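So the structure is just underneath, and the comments pick up after that.
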Amino acid sequence: MIILPERNAPRGLILPPMLRTEWCAPSLAQPKDQFGNENRTRFSITARLHDGHIAWRGWFDDREDADAFFLSAIMGALDFERSLWDFPVPAWRPDIGHGADLAYEFVTTVFLTGGASWIVPGDCIGLSNKPGEFVDCIGAGGSGGASWSSSLNVSGGGGGAFSRITSIALTPAQVVQIQVGAGGGFVSRSGVAGGTVGNAGADTWFAGASLAGSAVGAQGGRGGTTGGAVTNGALGGDTSGPGALKFAGGRAGNKTNGGGGVRCAQGAGGAAGFAGAGGNGVDHGSTFSGNGSNGGTGNAGSGGAGAAGITANGTANRVGNNGGNGGEWGSGVGAGGGAGGLSNSAGTGTITAGSGGFYGGGGGAVASTSNPTTVNSGSGAQGIIIVAYEPSILRQAQNYYRRMRTN
C-alpha cells in the first residue's frame, strides 16, 4: 500500500511550513476596498552583489514555487535546474550577476488595500531592521474641486503622504488594527452656478486606533479648492504621522496671477513614496482663461506620472486624464500621480475630470461654462499599507546551507 502525504498538509523546503490558506486566502474572504482591490501576499527573492547592488529581483505568487527556487539558489544548484528559472517575474537566467557570487534574500510582502485589521502570519516575528523589511503607509488622495458656469478657479486634490518604519515587534496570530485610507470622493455641480471644494483623502495607519496613536501612518491629501483670481491649490498630506522615514504628498497647482485668467483648473498633487515627496500640480500664472494644468508625479518622480491637463472648447461629455499608477514596490504597486485639470468652455453634457493614480494620487479639478448638464471632479486614489518581512527561521536555514556548500 502506498501512503500519500495529506494534500492540505503544510510543507516547507527551507521556508517554515504554513497552511496555504494562511498566505493565499480565497478571494471571497479577502477584505476589499471601494474599487474591488483586495489584500494579497507575494514573495520576492533578491540577488545582491557583495557591494550591495541589486543584480536581480524576482516576484512569486506561489509560496511553494518560491521555496523551491530559494533552496536551489542558496545551495548553488540553480544553474542546473532550468525548470525553476521561469517561476519568478522577471525570469532568472544564469548570466545574472555576470558570474559573481550572489547573496540571495527572501522577503514576504503583504499588500493591504482594505479591512480594519490584519492577522500576523505564523512565520512573522516582527521586523528588526534587516534588509528589505519595512511597514510602509501611503495616505489617500483628495478629490478635485468643481466649478459650474462661474468665474471661479479650482484646484485638484492633494496627494497622500508617505511614512515607513523598519522595526516593530509582532507575534504570530496577533490581530493588528489598521486603517487603509479611502480616497476623497468626487464632487458635482449642476443647475446652480458656483464652485464646490473637493473632499479630503483619509489617513492610513498600521498598529493603532488613530493616526497619532499608531506605530506608523501617513496623512491623506486635502480636497481641491475654489477661489478667485489668485487661488492656492489643495495641500498634500503632511509629515505629522508617525514613522522613521516620512515625506509629504504633493500639493495641487496654484493660480498665481491675479491680473486675469478665470475658470482655470489646476492639476492635482502626486503621492509621496520612499524616494521622496509627491510632485506638485503645475501652477497656472497666465492671464489666459479656461486653462487645465498638469498633475504632479508620485514619489519624487519614481512613481506614477502626473496626467496632462486639458483645455477644450465646446466639447460634449469631455473626460479628463487620470494620474498614472505607480509600480515601485513591484507587482504594479506604487505612489500614484496626480490627475490633470480639466477646463471646458462652452461644454455640454456631463464633464468629468480624471481620477488620481494608485496609490494616493490626487483627483483632478473641473471647470466648465455655458451650462453643461453636470460637472464632476476626479476622485482621489485610496491609500495602501505594505508589510515586508523575512520569515522567522530563514536566516538560520541560509547559514546552514552555506556551511554545507563550503564543507
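The values are calculated or read from the model by the stated rules, or taken from the named source; none is laboratory data. Keep in mind the model is a prediction, meaning the values are calculated, not measured. With ideal geometry, Cβ positions are generated from the backbone for all residues, glycine too; neighbour counts draw on all protein chains shown.
Tabulated values for the structure
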quantity: Hey, Ala367 in contact (Cβ under 8 Å) with a residue 12 or more places away in the chain and within 15 Å of the chain's Cα centre (by Cα) or not; calculated: no
quantity: Meets criteria (closer than 30 Å to Phe288 by Cα and in a strand (DSSP E or B)) for Ser147; calculated: yes
quantity: Total residues in the range 143-162, condition surrounded by 24 or more Cβ atoms within 10 Å (Cβ to Cβ), farther than 9 Å from Gly364 by Cα and not hydrophobic (A, V, I, L, M, F, W, C); calculated: 5
quantity: Failed condition for Thr311, given (1) among the hydroxyl-bearing types (Ser, Thr, Tyr); (2) closer than 19 Å to Ser377 by Cβ; (3) under 15 Å from the mean Cα position of the chain (by Cα); calculated: (3)
quantity: Members of the range 255-278 that are surrounded by fewer than 23 Cβ atoms within 10 Å (Cβ to Cβ) and either modelled with pLDDT under 95 or of a type in the set (Gly, Ala, Ser) (or both); calculated: Thr256, Asn257, Gly258, Gly259, Gly260, Gly261, Val262, Arg263, Ala275, Gly276
quantity: The range 231-256 residues that are over 20 Å from Ser302 (Cβ atoms) and in contact (Cβ under 8 Å) with a residue 24 or more places away in the chain, paired with ones that are among the charged types (D, E, K, R) and in a loop (DSSP other than H, G, I, E, B) (beta carbon under 6 Å, 6 or more apart); calculated: Gly233/Arg251; Ala234/Arg222; Leu235/Arg222; Leu235/Arg251; Gly253/Asp283; Asn254/Asp283; Thr256/Asp283
quantity: So Gln266, is it in the same structural domain as Ser377 (by TED's automatic domain parsing) and either of a type in the set (A, V, I, L, M, F, W, C) or under 17 Å from the mean Cα position of the chain (by Cα) (or both); calculated: no
quantity: Some residue of the range 115-129 being of a type outside the set (A, V, I, L, M), in the same structural domain as Thr41 (by TED's automatic domain parsing), over 30 Å from Ser190 (Cα atoms) and touching an Asp or Glu at 6+ places or on another chain (Cβ under 7 Å); calculated: no
quantity: Of all residues in the range 109-128 being closer than 21 Å to Ala244 by Cα and within 22 Å of the chain's Cα centre (by Cα), the one that is surrounded by the most Cβ atoms within 10 Å (Cβ to Cβ); calculated: Leu112
quantity: Odd one out for Ile125, checked against (1) hydrophobic (A, V, I, L, M, F, W, C); (2) assigned to a loop (DSSP other than H, G, I, E, B); (3) out of contact with any Leu (no Cβ under 7 Å at 6 or more places or on another chain); calculated: (3)
quantity: Single residue of Trp92, Trp85 found to be out of contact with any Cys (no Cβ under 7 Å at 6 or more places or on another chain) and without any contact (Cβ under 8 Å) to a residue 24 or more places away in the chain; calculated: Trp85
quantity: Output for the range 212-234, where each listed residue is surrounded by 24 or more Cβ atoms within 10 Å (Cβ to Cβ) and among the aliphatic types (A, V, I, L, M); calculated: Val216, Ala218, Ala234
quantity: Within the range 254-371, strands (runs of 3 or more DSSP E) holding 1 or more residues that are in contact with a Leu (Cβ under 9 Å, 6 or more places away or on another chain), under 21 Å from Gly195 (Cβ atoms) and among the aliphatic types (A, V, I, L, M); calculated: 310-313, 350-352, 366-368
quantity: Residue in the range 51-82 that is nearest to the chain's Cα centre (by Cα), counting only those that are in a helix (DSSP H, G or I) and under 13 Å from Gly97 (Cβ atoms); calculated: Ala73
quantity: Which numbered condition Gly97 fails, given (1) in contact with a Leu (Cβ under 8 Å, 6 or more places away or on another chain); (2) in a loop (DSSP other than H, G, I, E, B); (3) crowded, with 17+ Cβ neighbours inside 10 Å; (4) not aliphatic (A, V, I, L, M); calculated: (3)
quantity: Residues satisfying the stated conditions in the range 372-388, i.e. over 12 Å from the mean Cα position of the chain (by Cα), of a type in the set (Val, Ile, Thr) and in a strand (DSSP E or B); calculated: Thr374, Val375, Val387
quantity: Subset tally (residues that are touching a strand residue (DSSP E or B) at 6+ places or on another chain (Cβ under 8 Å) and either acidic (Asp, Glu) or under 17 Å from Gly156 (Cα atoms) (or both)) for the range 236-247; calculated: 1
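Quick grid of which residues meet (1) surrounded by fewer than 24 Cβ atoms within 10 Å (Cβ to Cβ); (2) within 20 Å of Val262 (Cα to Cα); (3) in contact with a helix residue (DSSP H, G or I) (Cβ under 9 Å, 6 or more places away or on another chain); (4) at pLDDT 90 or above:
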site: Glu328; (1), (2), (3), (4): yes, no, yes, yes
site: Gly338; (1), (2), (3), (4): no, no, no, yes
site: Gly347; (1), (2), (3), (4): no, yes, no, no
site: Gly356; (1), (2), (3), (4): no, no, no, yes
site: Gly362; (1), (2), (3), (4): no, no, no, yes
site: Ala367; (1), (2), (3), (4): no, yes, no, yes
site: Val375; (1), (2), (3), (4): no, yes, no, yes
